[in-house]
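Right, one structure below, let's go through it.
The values are calculated or read from the model by the stated rules, or taken from the named source; none is laboratory data. Keep in mind that what you see is a predicted model, and the values were worked out from it rather than measured. Cβ atoms come from the backbone with ideal geometry, glycine included; neighbour counts cover every protein chain shown.
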Amino acid sequence: MRLWHRWFASLVGRIWLGMGGLLALMLVIAGIGLYQSQAVETRLLSAQAEAQRLTAAGRRMHDRVTDAYLATLLATMVDDPEDLKFELGSLDKAMAAYRTQFDEVFNQPTEAMAQRADELRRTETELAPMLASSVSRLQRAAGDAGADYQHDSAIQELVVSSLKPLFDQWLRAIDALDTAAAEASEAASAQASAAARWGRWAQAGVVVAGLVIGLAVAFGVARSLTRPVRAAVAVASRVAEGNLREAVPPGGQDEIGQLLRSLGDMQGGLHRLVASARDAAEQIDVSAGEVSSGISDLSHRTELAAAELQRTAAATAQLAVGVQALADSAASAGAVTHAATQAALAGDTAMGQAQALMSAIGRSSERIASIVGVIDNIAFRTNILALNAAVEAAGAGEHGRGFAVVAGEVRLLSKGVADAARDVRRLVESSADEVKAGQALVLQAGGAMQETVAAVQRLTDFLGGIATAMPGQASQVAAVDGAVQALEQVTQQNAALVEQGAASAVALGDQARRLKSLVAVFRLEANS
């Protein structure tokens, strides 16, 4: 019960209740309509199906009875026992098929159909003895006559005169099934019309009830909305006029009551906001004056900083020029040291070639010394041979005098050759010593030249590093120059902004005073 009261106290709950009732009534109306239409459709379809079934069954029963009459008539007209047997078999089949159709049609008959079934049974009962008697007479006649059987005109006349009226009555009773089917269809249509009328009356009653309930809910919701909405409008009007003194009346538990409480909270918040705005406006007015004086001091200091930055910019520009000149000089020195390095490398190459040449001279001197040794040995042997020849010549006496003279000349010649060989040996040995000394000097000069090349290469690398670093330093100095110039521009812009700030501070003071005058419109307390 408490939940229902809380739900009904809500505006949304009341609206949903009214709308839910209307929707429920609409669903009831739709359900009744659907149910009635479905019932009418079902009854009509059932009646149509039953009528079609009865009509089809009546036609089949009519055909079977007609087949039975024709088979009976033909049985009285044939002269062949086999033909008679065939026709009697056709009669039995037609009657069996008729009874099958009869059982299907009248399996669960209605009251009207039960009357039709009784009528058909009576007709069949009247016909059955006469038909059985005729068949028995035909069978006895065929059995007695054998192959000489001839049809009996009396039996044929009996069939035509007595059985045909009964068959006709039977067929008329069967044809009456169509009438029964039509009557059943009309009855179903009448029932469907009655159900449709009942559905329309039920829908009309539900619609009237829905209208009554909807009007009642609409009236109640409108009444519960009007008074609190007027109170909320009055509160909004007072706030619009600047009157924040009067309290907001309490509301109910629905959404309008929540709106009134929210308006009360809004009025209280606005009251606090206006009071705070008054205090803030006074503080802003005081602070604006202080900001204005501070901005004036900042403007003076900014002008001094701008002058210092101008001098700094000039100095950095000169520094950039000097660094660029130093970079150019470093590049020139690098080129000179590179040329010196190339010359030192060429001298190192020449010293290597001289060292190789001195080595070749040393090897040649050694070969000359060995050749001179061979010559000295030859001279020594020649001298011994000459001495032996002289001894032999002396032993030969007068005959060997000429040979002795020749041997003496040969000795003198070999002695001269030996002396010359010793002189050449001394010269070659002296030359070899000098060549070795020259090789040592060339080696020392080559080492000194290599050290010179290495030193020049290190100097070249050092100057190359300086030349490589100088463009970066020049670009960095240029960047510093650009930064100083940008800082100078920023300082000038700051000076302009400071002037704008001063103007803004003055405008802020004016706006603060205007805000005070605007906030004064709101009436907070009696002494406000």
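General remarks:
- Long-range neighbours under 6 Å by Cβ, at least six apart or interchain, first residue aliphatic (A, V, I, L, M) within region 199-219, second surrounded by 12 or more Cβ atoms within 10 Å (Cβ to Cβ): ALA202/ILE32; VAL206/LEU25; VAL206/VAL28; VAL206/ILE29; ILE213/GLY21; VAL217/GLY18
- Some residue of region 418-435 being farther than 27 Å from ALA379 by Cα, in the same structural domain as ALA343 (by TED's automatic domain parsing) and modelled with pLDDT under 75: yes
- Residue within region 339-346 that is surrounded by 15 or more Cβ atoms within 10 Å (Cβ to Cβ), of a type outside the set (Ser, Thr, Tyr) and either without any contact (Cβ under 8 Å) to a residue 60 or more places away in the chain or outside the structural domain of GLN444 (by TED's automatic domain parsing) (or both) present: no
- Of the helices (runs of 4 or more DSSP H) lying entirely inside region 1-106, those containing at least 1 residues that are modelled with pLDDT under 80, under 30 Å from GLU157 (Cβ atoms) and not basic (Lys, Arg) are 11-75, 81-105.
- Test result for SER224, modelled with pLDDT under 70 and among the polar types (S, T, N, Q): yes
- Qualifying residue in region 196-211 (condition: assigned to a helix (DSSP H, G or I), modelled with pLDDT under 70 and not assigned by TED's automatic domain parsing to the domain that holds LEU273): yes
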